[in-house]
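Participant: One structure, as structure tokens, below. Some questions next.
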Amino acid sequence: MGTPFPDDYDHSRVAKDTTRRFGFDLWVTPRFAWHLEENVYEELTALLVRQMARQAACFIDIGAHYGFYSVLVGRGSPDCSILAFEPVAENAAILRKNLEMYEIEVPVHEVALSDRSGRIPFQVSCASDNSGFVANPEGGVLKTINIDAAPLDAYRDFIPDGPLIVKIDTEGHEPQVLNGMRGLLEERDDVRLVIEFNPQCLEANGFSPDELLVKVDDLGFEMFIVHDDTMMFERYRRGSSWQETIGSKSYVNIVCIPKHAALHVCFFAHSSGLDGAERSLLELVGSLVSDHGVICSVEMPPHGPLIRMMNEKGASTVLADMAWW
């Protein structure tokens, strides 16, 4: 019986496609051409990560797959060190191919991050971006293999001092990954997390979605849910309904900022043009996001070049008809 995605591990079908909006090429298998050409992949999340990385010392890509985020950061912030973790060998080979295309020097670790070390069974999904210790139930399991697992704390000597961004996309294994980096989080107060929140995958791994949210809160982070479809941020407060927040989405990304530094600022712009005041606001927002990790939203009239440029700075945009003042 064939798999639903027969080309996902066929390297003879790998082709180069150009990412929409970001403009760089990636080698991908055929199913992912749509993600890059017809859709802007995780648009606001990616724009925010790219902007935050401008002043970061290191970006850690956990569940790197083909390397969209590693290439995004490597091209936009060449002085930012990158560590990539991708346990599936077929994916890691394409990841290395993408990094080599841009001469981005990144150590690729074929290791699954967790809260313990050893050789552990791992489910390779029929969909190459859905593998995990328990694969995404929607993808189906192609095979089970034994892989090397380790906590992120085991790699602390490879992480330079300075602001750190950790992206975690592990198909429901995120709580264990957080447990495996407690030492790092105790040592550092300049860590920002970008975590995939997938309720179905968390439950398949034996966690309630609320457990992950409580864990992140207990670790000392404020959480901001990213609505990539509407280009908006929403602050999540402990105990509130995540079901109401994510609606029918299968997953959302959550940006996590240390509580001592967490700030969400809303600006109001009288115009969406690019005159002096708008350019000054654009510069201010870009600096707040990259230098201080501030989550920024800008409300403005619905037509004009400032909208796209604010998004480029990693800010969300709220569009509303407003009278001139």
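The values are calculated or read from the model by the stated rules, or taken from the named source; none is laboratory data. Since the model is a prediction, treat every value here as computed from it, not as a measurement. Please note: Cβ atoms are built from the backbone with ideal geometry, for glycine as well, and neighbour counts cover all protein chains shown. Only protein heavy atoms, including side chains, enter the accessible area calculation; ligands, DNA and RNA are left aside. Shrake-Rupley method; radii C 1.70, N 1.55, O 1.52, S 1.80 Å.
Participant: Looking at the chain as a GNM with Cα springs under 10 Å, which of Ser12, Ser131, Ser77 has the largest mean-square fluctuation?
Facilitator: Of Ser12, Ser131, Ser77, the most mobile in the Gaussian network model is Ser12.
Participant: At 1.4 Å probe size, with the rest of the protein present, what percent of the exposed accessible area of the range 151-215 is carbon and sulfur atoms? If you can, show how the numbers build up before the last one.
Facilitator: On the way: 1020 of 2340 Å².
Heavy-atom surface of the range 151-215 belonging to carbon and sulfur, 1.4 Å probe: 44 percent.
Participant: Sticking with this structure for a sec: In the range 1-60, which GluC sites (Glu not before Pro) fall in coil by DSSP and have 13 or fewer other Cβ atoms within 10 Å?
Facilitator: Values: sites: Glu37, Glu38, Glu42, Glu43; in loops: Glu38, Glu42.
Counting only loop positions with at most 13 other Cβ atoms within 10 Å, the GluC sites (Glu not before Pro) in the range 1-60 are Glu38.
Participant: Calculated from the structure, P(r) over Cα pairs in 10 Å bins from 0, in percent equals which of [x] 6, 26, 35, 24, 7, 1, 0; [y] 5, 21, 28, 25, 15, 5, 1, 0; [z] 6, 25, 32, 22, 12, 4, 0, 0?
Facilitator: Answer by label: [x].
Participant: What trypsin sites (Lys or Arg not before Pro) in the range 39-142 are in a loop by DSSP, with at most 11 other Cβ atoms within 10 Å of the Cβ? Intermediate values should be presented prior to the final figure.
Facilitator: Numbers: sites: Arg50, Arg54, Arg75, Arg96, Lys97, Arg116, Arg119; in loops: Arg116.
Hits after loop and neighbour filter: Arg116.
Participant: Rounded, prolate or oblate: which fits the range 92-174, taking a ≥ b ≥ c as square roots of the Cα gyration tensor eigenvalues, rounded meaning a/c under 1.5, else prolate when a/b beats b/c?
Facilitator: It is oblate, given that a/c is not under 1.5 and a/b is not larger than b/c.
Participant: Loop only by DSSP, 16 or fewer other Cβ within 10 Å of the Cβ. Give me the trypsin sites (Lys or Arg not before Pro) in the range 206-291 that pass, ordered by residue number. Present the calculation step by step, with values, prior to reporting the outcome.
Facilitator: Numbers: sites: Lys215, Arg235, Arg237, Arg238, Lys249, Lys259, Arg279; in loops: Arg237, Arg238, Lys249, Lys259.
Filter output for the range 206-291: Arg237, Arg238, Lys249, Lys259.
Participant: While we're here: Looking at the square roots a ≥ b ≥ c of the eigenvalues of the Cα gyration tensor of the range 1-154, which shape do they give, rounded for a/c under 1.5, prolate if a/b is larger than b/c, or oblate? If you can, show how the numbers build up before the last one.
Facilitator: On the way: a/c = 1.88, a/b = 1.17, b/c = 1.61.
Verdict is oblate for the range 1-154.
Participant: Related question: Would you calculate the volume per residue, in Å³, of the smallest convex hull containing every Cα atom of the range 208-302?
Facilitator: Details: hull volume 10.3 nm³, N = 95.
Normalising the Cα hull of the range 208-302 by residue number yields 108 Å³.
Participant: Whole number in Å², please: accessible area per residue of the chain, 1.4 Å probe, ligands, DNA and RNA not counted. Walk me through the numbers before you get to the answer.
Facilitator: Numbers: 13830 Å² over 325 residues.
Here the per-residue accessible area is 43 Å².
Participant: Then there's this: Below 18 Å, Cα to Cα, which lysines can Lys313 reach? Residues fewer than 8 away in the same chain don't count.
Facilitator: Once the sequence-local lysines are set aside, nothing remains near Lys313.
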